[in-house]
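To keep things clear, I will list the structure first and then write my remarks on it.
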Amino acid sequence: MQKWYNMSSDTRILNSTESICPECLQRIPARNVKRGDSVYLVKECPEHGPFSTVIWRGEPDYEAWGYAGNTRGPGGFVPDRQRGCPFDCGLCPAHRNQPCAVLLEITSRCNLGCPVCFADADKAGAGEDPSLSAISGWYRRLLSSGGPVNIQLSGGEPTMRDDLPDIIALGRQLGFDFIQINTNGLRLGQEPRYAEKLKAAGLSCAFLQFDGTDDRMYESIRGAALLRHKAAAVKHCADNGIGVVLACTLVPGVNTAGIGDLIRYALQWVPHVRAVHFQPMGYIGRYPGAPRDEDRFTIPEIIRALETQSQGLVRVEHFVPPAGENSHCSFHGNFIILPDGSLKPWVSDLPSYHRAKTGPAGNGTLHARNFMARQWSAPQLAPPPLEPPDDAAAPYSVENFLSRLNTHTLSISGMAFQDAWNLDLERLRDCHISVISRDSRIIPFCAYNLTSRSGGTLYRECSPLSQAFQA
């Protein structure tokens, strides 16, 4: 591998791992290599040659991002392991984490045809929706494999199914306390009474595709001007007590300069908007072409943009690594909104708080599961008044401060999904976001959605639309 990769004086090998070839999806050796303040995954396929992909740029430092001693529960459910990671997912015994959230893809249909789509959803409506009986089997499989995980009903676009309320109600009847939909929000925005039906069925949260506050962003990423529909969806969810997470796919040069504006938009809708979640574009499912390094936007770049674009409303040091999955997969920060509009982290010592949740006595995945269910659901109580102190420099009382933890809070987070170019199997084995397949296997999200340069997959079937984009 060193024959082709420039091992200059500022280059250092951090660790060896394994990955896959973006052309043939075969497992190959890989290394994480630091050059300057950036980290690259480098690998070489015997048949298709070398590949190098940037995975981290700048501060916070890659090596310092994480906590020693993270504990993970057993993740393997399927004893048979023949080819190894990532080919025997189900989950296999090599997996180190139980799921925090599991996606159920209840349709392959969609009412959009976005150039960027991890699910490779088909606007033409090809494929048959799974029956309610099949979905019941998925719910029961999850209950038998680890209890009532958090559920995300996805697709395609789940609101394409008129029986979506029945699917939600079934999950709640079987004991799943937190059910969200992964939605583009068109039906929620266009039908004012629709959110009421979903709430009555037991919906906890709308994980709402929300790429920014400018229609030019939607025209580029989604192929249409959608902002008014997105805004209407937020209002209709707010009116009906459904928590909203604004889920933003970040595409360099398109909407990465709008991160601060999105945070300010979210603050206008607290306590109904519970979180903003950033997902830098991954080259999985359907994507316009093979990525270059300039097509990547990494976790530390998001964190720095949050500080600079919010004019210091949030700061780099307010964000920490995840409680459950691999440290280099995500970040989060949790804030209380004070009456003067400022944001205060929930605790003054975030690293100590985080270690307390993931140390020897903790279970990071269980903590993440419980936090998601609590924070992403709409608050149940009206916010009590928070009176400012007489002295502007004095702190708010502990009682007043804690009273807002149930209402005036905002979670800001991000997750960097892996693709065939940057897949690190060590990260994949720590994954706690899964998809249940049509044959009821529980498959890590990034393995399920892996897509080669030509559109080939390990677990998912790509639609004909994908081939048109990748040709």
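Every number here is computed from the coordinates shown, using simple stated rules; none is lab data. Quick caveat: nothing in here was measured; it's all calculated off a predicted structure. Cβ sites come from the backbone with ideal geometry, for glycine too, and all protein chains shown count toward neighbours.
Quick notes on this one:
- Residues V316 and Q26, FRET efficiency given R0 of 45 Å [Cβ-Cβ distance, rounded to 0.05]: 0.70
- Extended-chain gain in nm, criterion 0.36 nm per residue less alpha-carbon gap, S454 and L143: 108.3 nm
- For segment 208-267 versus segment 97-156, the inter-centroid distance based on Cα atoms is 22 Å.
- Fully extending the segment from L14 to Q268 would add 87.2 nm, taking 0.36 nm per residue of separation and subtracting the current Cα-Cα distance.
- A134 paired with F87, simple spin-label distance in nm, labels 7 Å along Cα-to-beta-carbon: 2.7 nm
- 20 Å cut-off, amide nitrogen to a point 7 angstrom out along R193 Cα→Cβ, residues in segment 241-284: 241-242
- Pair L112, E63: separation of 7 Å Cα→Cβ label points (nm): 4.1 nm
- Loop sites in segment 154-215: trypsin sites (Lys or Arg not before Pro), DSSP, at most 12 other Cβ within 10 Å: R193
- Hz values of 3J(HN,Hα) by residue in segment 315-326 - Karplus curve (6.51, -1.76, 1.60), Gly and Pro given as x: 10, 3, 6, 7, 10, 10, x, x, 8, x, 6, 4
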